[in-house]
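Comments concern the structure below.
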Number of protein chains: 6
Amino acid sequence: MANSDHVSDAQRRLDGFATHRGVMNERIGEIEHLGIKRFFALDGAAYRDGALDSKTKELLGLVASTVLRCNDCVDYHLLQCADAGWTDEELYDALNVALVVGGSIVIPHFRHAVATIDAIRANEIGSETDGD
Amino acid sequence: MANSDHVSDAQRRLDGFATHRGVMNERIGEIEHLGIKRFFALDGAAYRDGALDSKTKELLGLVASTVLRCNDCVDYHLLQCADAGWTDEELYDALNVALVVGGSIVIPHFRHAVATIDAIRANEIGSETDGD
Amino acid sequence: MANSDHVSDAQRRLDGFATHRGVMNERIGEIEHLGIKRFFALDGAAYRDGALDSKTKELLGLVASTVLRCNDCVDYHLLQCADAGWTDEELYDALNVALVVGGSIVIPHFRHAVATIDAIRANEIGSETDGD
Amino acid sequence: MANSDHVSDAQRRLDGFATHRGVMNERIGEIEHLGIKRFFALDGAAYRDGALDSKTKELLGLVASTVLRCNDCVDYHLLQCADAGWTDEELYDALNVALVVGGSIVIPHFRHAVATIDAIRANEIGSETDGD
Amino acid sequence: MANSDHVSDAQRRLDGFATHRGVMNERIGEIEHLGIKRFFALDGAAYRDGALDSKTKELLGLVASTVLRCNDCVDYHLLQCADAGWTDEELYDALNVALVVGGSIVIPHFRHAVATIDAIRANEIGSETDGD
Amino acid sequence: MANSDHVSDAQRRLDGFATHRGVMNERIGEIEHLGIKRFFALDGAAYRDGALDSKTKELLGLVASTVLRCNDCVDYHLLQCADAGWTDEELYDALNVALVVGGSIVIPHFRHAVATIDAIRANEIGSETDGD
C-alpha cells in the first residue's frame, strides 16, 4: 500500500478527533457532576489488567464499538489496540467477527476502521524514521 | 453458591434453547437458498482459528452479542467460551466491558448471562460426577 | 417437512400473540390520548396501497422488523405477507436480505421467522381441509 | 377496565420478574468484581435527587428503556414511576413520546407497558383494600 | 469557561444544521405524501403541553435522542430544552441518565451535547448584549 | 424544485462518498482474509435476481438501511434503486414505511435521503442533456 490519499485523510481525521476529544474531555472535567465523573472513571478502569489483560479487553472494546457502529469509539480502540501490540492481521480477524455478527450495515464502519489502521501504521513508520 | 433454583431454571432454559436451535437449524438446512446456506457457513467460519485463535474469537462473539442484547446469542457464545476454557473470572471481566460499553440497558442480559454461566458450571460438575 | 413439533409450538405461539395483541389493542383503544390513537392509525395506513402496493409494503415491513429484531413484529408482517400472496421462496429471499444487512445477531429471529412461516402454511392447509 | 386476564397475566409476569431480579442481583452481589459492583452502584445513583428530582429521572429512565426496547427495564421504571406518583395520563404521555421517537417497532413494548401499568394499579387497589 | 474554539465550532455546526434542516423541511413540505405529512405533524404534537408539560417532554426527547445516539436530534432537543428553561445542571443530570442507560458508546454524543450547550449559552449571552 | 443548494451539496457529498467507497473497497480487496472477501461477495449476491427480482431487493435494502440509520448505506441503495427504475413517489412511499417503523429518530436520515434523491435526479437530467 502506497502512502495514498486515504491515509493522509484518515490521519487528518484522527488528529481532528484527538483535538476535539482532548478539548471536550477537559471541558467535561469542569462539570461538577459526581455521576458523570464516576462514569468516565469506570470506563477507563474497564480496560485495565484484571482477570483478562488490558490487551484482550481493548480488542473486546473494538468489536463492541464496531457492532454498535460508533466511528469515534472504533478509532479510539484501534489506537489502543495498536499500542497494545495487536497486528493488522489480528485486527482484521477481530473486525471480521464484528462484520459477521453485525452484518453489512457495519461495512461503512469497517472501511473507516481499515483507513484508521493504515493511518496509525503510516504514523508509526513516520515516528520511527523521525529519529533518523 | 448452592445449586439453587436459578441454576435449574437456567439449565431448563438452555436445554429448551438447544432443542429449538437443533430442530430449526435442521429445518433451515432443508431450505434451498444459497445465500442463507453461505451466511450460516460464514458465521461458523468466523470463530475458527486464524490470526486470532478460536478461544479469543468466542470471547469477542460473547461481548458483541451482549452489547447487541441477544440472549440466545449470549447463551450460545457462553457455551462455546466455557468449552474453550475461559474461567468465570475472565467471563465476568469480558461481561463488565460489555456492561460499560452498552450501559444499564444490558443489565437484564447480564443477569441472564450469569445464570447461564452458573448452569454451565453446575452441568460440568454434574457430568464429571456422572462417572462415579 | 412433516407437521413436526416446531410447527405446533409456533402455532400455539401465534395464537397466544394474536390473543394478547387483540386484548391489548382493545385496551389501548380505551386510552384517551390523541397522539397514541393517531400513531396507531398512521401505522395502519403506511401499509395500504399507494405509489407502492400493499403487498410490497408488507415485505418492506417484514425486512424492517427483522433487522430491528422484533419477533412480534416479524410474526405480524409474516401473517400479512402470507395473506398478500408472497410465496415461501420469496419470503426466504427477503429474509436473506435482512440476514446479510443485519448479521448473525438476526439468526435467532430468522429461526423464529421460519417456524412462523411453517405454522402459517400448516394452518392454511388445515383450514382448506376443514371444509372437507 | 375490569380486572381482566391481561392484568392477572401481567401481575404474574411482574412477580416472576421481581423474584428473578432479586435472586440474580443477590447472586451478582457475590461476584468479586469491582467494576461490576461500581456499575450497579452508579446505575442506582443516577436516579437519586440531584439538579433534577428523582421523580423526573425515573420518567427519563422509562422513556430511555422504551425506545431501547427492553421490557424488563420498562417494568422496573414503571414500578418506580408509579411509586414516585406519576399518574396514568402522565405515563401515557411519556410513552407517546417514546412511540413517536422510536416508531412502530416500539408498539409491542408499548402494549407490554400498558399491561404493566394496569397490573400495578390493580395491585395498589388490592393492597389498599387488604387493610379492610 | 472561556468562549473557546469548541464553542465557535459548535455554533458554526448548529448554524449549518439549522440551515440544512430548514431547507430540507421546506423541500419535504413539497412532497405530496399524506403519511409523511402526518408523521411530521405527529412528531411536532408529541412535545406540546398535555398531561405532561412541554418542558418535561423536551427533556424526555433529549434523553431518548441521546441513548439512540442521534446528534442532530440531540441538538434539536437541546435548543428546545434551553428555550423551555432547563438549566445546565439539569441538562447534565438528564444526560447522565442517558450515559448510564446507554453506556460508554454514548460518550461521543455526550461530548457533542456539552459543546452544543456551551454554544447555546454563549449565543444567549451574545444576543442579550446585542441589545446594548 | 429549483436546482438549489441542497442538490449541489448532496451531489458533492455523493461524489465524495463514491470516491471514498472506491478507494477503500480497492484497499480492502488487498487484505488477504477469506472471511472478509466472502462477506463482501455474499453482500453483493443478496441483491441479485432470485425468487424476488433485484429491483425489489434494492428497495428492501433501502428500507433496512434507513431504519438502521446508516446514511452511506441509504445513499448506496438509493443509487441502486434509481438505476433499477423506482420512481420518486415509490421511493417516498418506501421511506414512509421506514419512518413509521423506525420513528422520528429516522427523520435526519429521511432528510438526507430526500436530498440524495434530488441529487440523483438532477444528475440524470444533467447526463441526458449532456448529449445535446
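The values are calculated or read from the model by the stated rules, or taken from the named source; none is laboratory data. Keep in mind that this is a model prediction, so the values were computed, not measured. Positions of Cβ are generated from backbone atoms using ideal geometry, with glycine treated the same way; all protein chains shown enter the neighbour counts.
Looking at (1) under 23 Å from F:Cys70 (Cα atoms); (2) away from chain C (no Cβ under 14 Å), which is the only condition A:Glu90 fails?
(1)
Scan D:Val74, D:Val63 and give me the residue that is in contact with a Ser or Thr (Cβ under 8 Å, 6 or more places away or on another chain) and either β-branched (Val, Ile, Thr) or under 29 Å from F:Val100 (Cα atoms) (or both).
The conditions single out D:Val74.
Yes/no per residue for (1) touching an Asp or Glu at 6+ places or on another chain (Cβ under 6 Å); (2) surrounded by fewer than 22 Cβ atoms within 10 Å (Cβ to Cβ); (3) modelled with pLDDT of 95 or more:
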{"site": "F:Ala84", "(1), (2), (3)": "yes, yes, yes"}
{"site": "F:Thr87", "(1), (2), (3)": "no, yes, yes"}
{"site": "F:Val101", "(1), (2), (3)": "no, no, yes"}
{"site": "F:Phe110", "(1), (2), (3)": "no, no, yes"}
{"site": "F:Val114", "(1), (2), (3)": "no, no, yes"}
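Which of (1) farther than 30 Å from F:Ile28 by Cα; (2) out of contact with any His (no Cβ under 8 Å at 6 or more places or on another chain); (3) of a type outside the set (S, T, N, Q); (4) buried (at least 17 other Cβ atoms within 10 Å of the Cβ) does A:Met24 not meet, given it meets every other one?
Failed condition: (2).
So B:Val101 ticks every box in (1) at the interface with another protein chain (Cβ under 7 Å from one of its Cβ atoms); (2) part of a helix (DSSP H, G or I); (3) more than 30 Å from E:Thr66 (Cα to Cα) but one. Which box is left unticked?
For B:Val101, the failing item is (3).
Looking at the range E:103-132, I want the residues that are hydrophobic (A, V, I, L, M, F, W, C) and have a partner that is assigned to a loop (DSSP other than H, G, I, E, B) and modelled with pLDDT of 95 or more with Cβ atoms under 6 Å, at least 6 apart or on another chain. Which pairs are those?
Within 6 Å, the pairs are E:Ile105/A:Leu68; E:Ile105/A:Cys70.
Which ones in the range D:98-121 are of a type in the set (Gly, Ala, Ser) and on the phi < 0 side of the Ramachandran plot? Don't jump to the end; show me each part of the working.
In the first step, residues of the range D:98-121 are kept if they are of a type in the set (Gly, Ala, Ser); the result is D:98, D:102-104, D:113, D:115, D:119.
Listed by number, the residues that qualify are D:Ala98, D:Gly102, D:Ser104, D:Ala113, D:Ala115, D:Ala119.
Has the range A:43-53 got at least one residue that is hydroxyl-bearing (Ser, Thr, Tyr), part of a helix (DSSP H, G or I) and either modelled with pLDDT of 95 or more or in contact with a Pro (Cβ under 8 Å, 6 or more places away or on another chain) (or both)?
Initially, the range A:43-53 is screened for residues hydroxyl-bearing (Ser, Thr, Tyr), giving A:47.
Then keep just the ones that are part of a helix (DSSP H, G or I); that gives none.
No, every residue in the range A:43-53 fails to be hydroxyl-bearing (Ser, Thr, Tyr), part of a helix (DSSP H, G or I) and either modelled with pLDDT of 95 or more or in contact with a Pro (Cβ under 8 Å, 6 or more places away or on another chain) (or both).
Outside any helix (DSSP H, G or I) and either aliphatic (A, V, I, L, M) or within 14 Å of chain A (Cβ to nearest Cβ) (or both): is that true of C:Ile107 in this structure?
Criteria not met by C:Ile107.
Please go through (1) among the aromatic types (Phe, Trp, Tyr); (2) part of a helix (DSSP H, G or I); (3) within 14 Å of chain B (Cβ to nearest Cβ) for A:Phe17 and return the number of the only condition it doesn't satisfy.
Result: A:Phe17 passes all but (3).
Would you be able to tell me the number of residues in the range B:27-79 that are of a type in the set (Phe, Trp, Tyr), surrounded by 24 or more Cβ atoms within 10 Å (Cβ to Cβ) and more than 10 Å from chain A (Cβ to nearest Cβ)?
The total comes to 0.
Any chance the range F:8-18 includes a residue that's free of Cβ contacts under 8 Å to residues at least 40 places away in the same chain, under 21 Å from A:Val101 (Cα atoms) and not polar (S, T, N, Q)?
Scanning the range F:8-18, I find no residue that is free of Cβ contacts under 8 Å to residues at least 40 places away in the same chain, under 21 Å from A:Val101 (Cα atoms) and not polar (S, T, N, Q), so the answer is no.
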